[in-house]
Amino acid sequence: MSLPCRASSSRSHLKHLLTLPRRLATTSTSITTSTPLPNLSVSLLLSRPPLLLRPPEPIESAYYSHSLSIRHALSNPTPLNFYFKPSSLALRRFQASEHSREVKIYGPSLAGASPDVGELPAEPPLPEARDWEKEDGKRGERSLERKPQEEIYCLVKTSKGWEFPNVGLHKGEGLDEAIKRGLVGTNGVLGGRKMDSWLVTRKPIGVIKSEGNTIFFLRSHIIAGEPLPSSTSDITDLAWLTPTEIERRLVDQGSEHLWKGVKDLFGISQSDMDLESLRDVKGREIEA
């Protein structure tokens with residue numbers, strides 16, 4: 001006899017839960033106001049991923065070569081009839097490259113005579129980083145094509161100097177909502193109508209507290225287009241820089257505290273940054 005009472009009680013409890021306000025919903029904007037919160041802001045690490053594979057270091061080349069030798073010695077021969085059409089260009093190129101690889105691994109005596117592949121047409125050259133950058137070299141640091149083998153990040157120049165794109169938080173507003181409203185949205189200062197970006201996470205990847213101010217950092221990748229600062233914003237210049245270049249830019253203008261707060265967010269060790277700086281010096285010497 002008590003079953004109907006329990007069912008009625010369960011329905012009432014469920015109805016009560018469904019009518020509760022969505023206080024914890026991160027995407028709800030019903031309680032968001034235009035009242036800015038003092039000393040609270042969010043900055044965006046907007047990056048462009050590498051466009052080209054970087055050349056391997058000597059130790060990496062040695063490791064891959066050794067691993068390839070072991071794998072080649074232990075694996076069965078490639079079934080050519082399954083992967084290639086008879087007498088096709090792809091087959092002849094594979095046979096030529098496979099023989100040269102065997103000569104390098106086992107030596108000429110074990111590799112045997114080279115296969116009769118005839119005359120092979122030259123393959124188109126792969127793009128080099130220097131040639132890639134020349135396509136848009138006139139724009140300098142504003143070009144998204146620079147440093148194609150590395151990940152570069154957006155830095156903007158305002159009345160305060162060089163900094164990461166930043167926007168103040170409003171009362172009841174989530175960090176991702178502030179980024180969309182003030183930076184990458186259609187009305188954002190980075191010109192969201194001309195750019196498509198992907199916010200990696202809604203949670204901050206870092207936070208900096210300095211002189212009573214708290215800055216949260218979110219990570220984002222640019223997918224298409226490019227940021228075009230609006231004329232009403234405080235942004236006077238924009239640059240796409242590597243972490244090493246960002247370090248020099250911030251330290252030179254006296255923002256060393258900002259660099260110390262964000263340097264670990266790039267996921268790059270100090271030794272890697274020193275190696276990158278050495279590559280930049282060698283690159284400039286070659287161009288000179």
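The values are calculated or read from the model by the stated rules, or taken from the named source; none is laboratory data. Remember, it's a predicted structure, so these values are computed and weren't measured experimentally. No Cβ is skipped: glycine too gets one built from the backbone with ideal geometry, and neighbour counts run over all protein chains shown.
Key figures for this structure:
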{"quantity": "Out of 183, 169, sole residue that is crowded, with 17+ Cβ neighbours inside 10 Å and assigned to a helix (DSSP H, G or I)", "calculated": "183"}
{"quantity": "Selection status of residue 225, surrounded by fewer than 16 Cβ atoms within 10 Å (Cβ to Cβ), touching a residue at least 60 places away in the same chain (Cβ under 8 Å) and small (Gly, Ala, Ser)", "calculated": "no"}
{"quantity": "Criterion violated by residue 156 - all others in (1) farther than 18 Å from residue 38 by Cα; (2) modelled with pLDDT of 90 or more; (3) over 20 Å from the mean Cα position of the chain (by Cα) satisfied", "calculated": "(3)"}
{"quantity": "Qualifying residue in segment 122-140 (condition: modelled with pLDDT of 90 or more and surrounded by fewer than 17 Cβ atoms within 10 Å (Cβ to Cβ))", "calculated": "no"}
{"quantity": "Complete set of residues in segment 92-114 that are polar (S, T, N, Q) and assigned to a helix (DSSP H, G or I)", "calculated": "95, 97, 100, 109"}
{"quantity": "Residues of segment 66-109 that turn out to be in contact with a helix residue (DSSP H, G or I) (Cβ under 8 Å, 6 or more places away or on another chain) and closer than 23 Å to residue 127 by Cα, as a count", "calculated": "1"}
{"quantity": "Scan of segment 32-59 for residues that are of a type outside the set (Ser, Thr, Tyr) and surrounded by fewer than 11 Cβ atoms within 10 Å (Cβ to Cβ), ordered by number", "calculated": "38, 49, 53, 57, 58, 59"}
{"quantity": "Segment 98-125, residues that are aromatic (Phe, Trp, Tyr) and over 20 Å from residue 70 (Cβ atoms)", "calculated": "none"}
{"quantity": "Considering residues of segment 209-234 that are closer than 20 Å to residue 170 by Cβ and among the β-branched types (Val, Ile, Thr) only, the residue farthest from the chain's Cα centre (by Cα)", "calculated": "232"}
